[in-house]
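The values are calculated or read from the model by the stated rules, or taken from the named source; none is laboratory data. Note that the coordinates shown come from a computational prediction; the quantities given were computed from them, not determined experimentally. In this analysis, Cβ positions are derived from the backbone assuming ideal geometry, glycine residues included, and neighbour counts consider all displayed protein chains.
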Amino acid sequence: MNKEVISDVQGICLVILFISGSTLALPTAPAAGSDLWIAILLAIIIAIPLYLAYSRLLSLYPGNDLFDILEKIFGKVFGKLLGLVFTCFAFHLGVMVLREQGDYLITLSLPETPIMIPMLIVIFLCVFAVKEGIETLGRWAKLFVIFNAPIPTITILLLIPQMDFNNIQPILFDGIRPLMEGTLQALIFPFGDVVIFLMVFFALKTKKSSYNALIKGLLLGGIMIAGVSLAEVLVLGKDLYAMNLYPNHTVAAKVSIGETLHRLEVISIIATLTSIFLKISICLLAACNGVAKIFGFDDYRFIVIPVALLMCNVSYFIYGTIEEKSIWVNDFTVYYFLPIQIILPILILIAGEINTRRINRIDNGKA
Amino acid sequence: MRKVFIAFTIILSILTLTSCWNYREINRMRFVAGVAIDYDEIKDEYVVTSEVVTLIQGGEKFGSTLFQSRGKTVFDAVRDTVMKNARKLYWGHAKIVILSKDMTGERLITALDYTGRDAEFRDDIWILVSGEKAASEILEETFEKRDEIVSFHIDNAIKNEGSISTYHGIPAWRFIKDMFAKGVSPTIPVVVVADKHGRKVPKLGGQAIIKGDEIVGYLDEVETKSYIWIIDKLKGGLITVETEVDHKTVEVTMEIFGNKTTLDAKKIKDEIVMKIDIESDLGIAEIAGDVNVIEKKGREILKKDVEKHIKRLIEEVIERVQKEYECDIFKFSTEIKKKMPKEWKRIEPNWNQVFSDLEVEVNVTANIKGSALTSEPIKVVD
């Protein structure tokens, strides 16, 4: 069908940019207050076995993506039904990230522009990238990691004079409950979102590649996010961090080295937008792939434009106001994302293990 | 042919579709340098006076014009200036917000909320309180010829506060952060109109203490220096110390080169004691008399006297704030919360009461580093 291949390094870069995507712009694990950096690190630790499960699932059926695997395990009807759930998830995540990107630009720099304009521009870029395929995206990610990873690091270093360690002390002042809530938040967004990669990593080189890409990408991307969030809370304090819609932007505006280097927020906007672009592209790719697989098309490419335009439309009317968005994101995503990100993949893995053993036994019996 | 057509289309759209949606030409904008917010009790309205940068003397020099407008909220009042100005104001370069004394309670929150929420405002804008009757007086009555920009003048004064240390500027975001923090009361610098060679200029000095959302009191310039000393933001400044060597009293002016203040909360016999350790590097800047304080013996005495003097200054201001205002402007609460979180949970509800009875221990170490260019005092020989 397609002979696209992405290397391990490209896989890692894809995962790093995907994780840092909209997370760089938004507050991560705000429920944990001043302990959010611990919450993020805990979430990384919890995410490792989860990603091992994802990788195991991919390596059981090399060369296949989640939709093929589902059909192989659960048969045509039920497999397609489950595939539909995942397709909807990918589509919805793409919609949310796209809306986030629109809101981000509108709020920060283009207050009088209709939100459709930036969303349309980005979605057309995504269509272009997705039509070129995962291989192009992989190469793009490898190039842009060189730009995007150092920018947060440099910002952190430049912010050192403004940091106040009283902001994170004493550790665990409010007890363990907020920390747990924050860990859950961080696990769902951004680390759980990586489940999307199950639907697009059909082009990996070897069986081991998925382990390599997911785990290394998680560690690098996760530590970057933990570092950035820690720097943000050190500068702003937990109250302002939770109050700000875009703490990274606020913090970057505070960089001030002498009279020469001021206000790096524009650079941070660029870094954020490029990684958001990648996240939308991956979601779009996953959704199109899902639609194509469910309806039994050979190629997903001709479906890209309709799905992308639908995505753009839905993200235009998905939330009426910012309040609706925050209620949805804070109160409902846990119940909606958690089963799809954690429970379903683990169940599928168990079923997959049983299935492959059985097939092996039958094969052995024949031989 | 197709490719040529596509390339042509792309080039054409690059050339024609470059502009932004809300494109603003620089000559269609007015740059606001600073703003003063008052409240009109009679009409129940906010009065916003904004200082706008203009070109004067045929475009050779920058001056300013003032616009005043009214509205039910601050934002309403700001938008009202558009009518008078015919051009939209650009706030990205605004440096200061001056509040009048009666901008407390809800009014303070409105003003802060607007500056913090509006995307055009930078959140490192300085917050000041006017020592005059109205905040607008600061902008209106200084530099009457309007050939200098008052807001930029004040901005520069705050940036150079390190060499004077009689006021301490606070950017809006840090102010909002302190308002959030439990047990911490922020202070904001006071600005008044002063006379300088017959010319009226804005002058900064002293701090207003804000407890909750009310202004409860003021620190004068000397107290402000001690306050800055305690919160470890002191970078420079002068202190004058009276010292007695060989039964001769002399006033010595010391210049502060560097300072490190460390706060430490300790628990001694169920009582919380706040330890303040101050280590200052000073130099002799001026000796007002014929007494040798530079040689070893005189120097020791001077060192002792300086330490005693600083200690007294600091204890005085702490006591005054503890007894008169009962609000923690020194951020002792942060230190207690950090060192003994359990204790803090217990005392948090009535922290202001605890603060006013808090025992404070001040230790001062003064290092006299040098005596500038001369090694001996000027001797007057009859």
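A few points about this structure:
- Considering residues of region B:175-191 that are of a type in the set (A, V, I, L, M, F, W, C) and closer than 16 Å to B:Glu223 by Cβ only, the residue nearest to the other protein chains (Cβ to nearest Cβ): B:Ile188
- Filter result for A:Asn248 (facing chain B (nearest Cβ under 10 Å) and either more than 30 Å from A:Cys88 (Cα to Cα) or touching a residue at least 24 places away in the same chain (Cβ under 8 Å) (or both)): no
- Taken over region A:352-364, the residue count meeting the criterion of being surrounded by 16 or more Cβ atoms within 10 Å (Cβ to Cβ) and of a type in the set (A, V, I, L, M, F, W, C) is 0.
- Of B:Gly217, B:Gly183, B:Gly206, all but one fail to be among the small types (Gly, Ala, Ser) and in a loop (DSSP other than H, G, I, E, B); the exception is B:Gly183.
- Long-range neighbours under 7 Å by Cβ, at least six apart or interchain, first residue crowded, with 18+ Cβ neighbours inside 10 Å within region A:336-348, second among the hydroxyl-bearing types (Ser, Thr, Tyr): A:Pro345/A:Tyr54
- Checked across region A:44-62, the condition of being more than 20 Å from A:Thr206 (Cα to Cα), aromatic (Phe, Trp, Tyr) and surrounded by 24 or more Cβ atoms within 10 Å (Cβ to Cβ) holds for no residue.
To keep it simple, each residue is scored yes or no on (1) touching a strand residue (DSSP E or B) at 6+ places or on another chain (Cβ under 8 Å); (2) part of a loop (DSSP other than H, G, I, E, B).
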residue	(1), (2)
B:Gly116	no, no
B:Glu148	yes, yes
B:His153	yes, no
B:Ser165	yes, yes
B:His168	yes, yes
B:Phe175	yes, no
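- Selection status of B:Ile125, surrounded by 19 or more Cβ atoms within 10 Å (Cβ to Cβ) and farther than 29 Å from B:Gly198 by Cα: yes
Yes/no matrix, rows are residues, columns are (1) closer than 30 Å to A:Gln341 by Cα; (2) touching a helix residue (DSSP H, G or I) at 6+ places or on another chain (Cβ under 6 Å); (3) modelled with pLDDT of 90 or more; (4) β-branched (Val, Ile, Thr):
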| site | (1), (2), (3), (4) |
| --- | --- |
| A:Asn244 | yes, yes, no, no |
| A:Pro247 | yes, yes, no, no |
| A:Val251 | no, yes, no, yes |
| A:Cys283 | yes, yes, yes, no |
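- In region B:334-346, the residues that are more than 9 Å from chain A (Cβ to nearest Cβ) and without any contact (Cβ under 8 Å) to a residue 60 or more places away in the chain: B:Lys342, B:Arg346
- Listing of helices (runs of 4 or more DSSP H) fully contained in region A:89-194 that carry 3 or more residues being closer than 26 Å to A:Ile45 by Cβ: A:134-148, A:150-159, A:177-188
- One residue from A:Ile171, A:Ile146, A:Ile156 being away from every other protein chain (no Cβ under 12 Å) and either crowded, with 21+ Cβ neighbours inside 10 Å or closer than 30 Å to B:Pro341 by Cα (or both): A:Ile156
- Hey, A:Phe302 on the phi < 0 side of the Ramachandran plot, assigned to a helix (DSSP H, G or I), within 21 Å of the chain's Cα centre (by Cα) and aromatic (Phe, Trp, Tyr) or not: no
- Selection from region B:101-128 of residues that are under 14 Å from B:Gly34 (Cβ atoms) and not charged (D, E, K, R): B:Ala111, B:Thr115, B:Phe121, B:Ile125, B:Trp126, B:Ile127, B:Leu128
- Tally, over region B:202-227, of residues that are over 18 Å from B:Ser100 (Cα atoms) and not acidic (Asp, Glu): 5
- A:Val266 vs. criteria more than 26 Å from B:Thr334 (Cα to Cα), free of Cβ contacts under 8 Å to residues at least 60 places away in the same chain and in a helix (DSSP H, G or I): yes
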